[in-house]
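Asker: Structure provided below as C-alpha cells; questions to follow.
Readers should treat all values here as calculations from the given coordinates under stated rules, not as data from a laboratory. Just so you know, these numbers come straight off a predicted model, no measurement behind them. Cβ sites come from the backbone with ideal geometry, for glycine too, and all protein chains shown count toward neighbours.
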Amino acid sequence: MTAAAYEYDVPTEEVLLGILRDGEIRTMDGLVEASGLDWSRVFLAIDRLSRTGDISLRRAGRPQYQVCITGKKG
C-alpha cells in the first residue's frame, strides 16, 4: 500500500495505522517504504502515536526500531 492508495486528506497517523493493522512488525524505514511518505513525516507521526499508546517501539539494533500496533485502539 502506498500513499497514492490514500486520499490526500487522510492523516499520516491513519495511513501508518492502516499499514500496521496487518499485525506485521515493521521498521521505521519499512513504514516509509510501505507508505510512500517522506521520512520526517513518518517519524513525527510515529512519535505522536507512541506517545498516545497506539503503537509500540522496540530497539532492533543500531539505528533501527521496530514498530507495531498495541491493540489499544482500532
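Asker: Using 0.36 nm times the number of residues separating residue 57 and residue 44, minus their current alpha carbon distance, what extension gain do you get?
Answerer: Length gained between residue 57 and residue 44: 3.3 nm.
Asker: By per-residue mean of other Cβ atoms within 10 Å, what is the highest-first order of 50-57, 21-28?
Answerer: Peptide ranking by packing, descending: 50-57, 21-28.
Asker: How charged is the neighbourhood of residue 57? Take every other residue with its Cβ under 13 Å from the Cβ of residue 57, and add Lys/Arg as +1 and Asp/Glu as -1.
Answerer: +3
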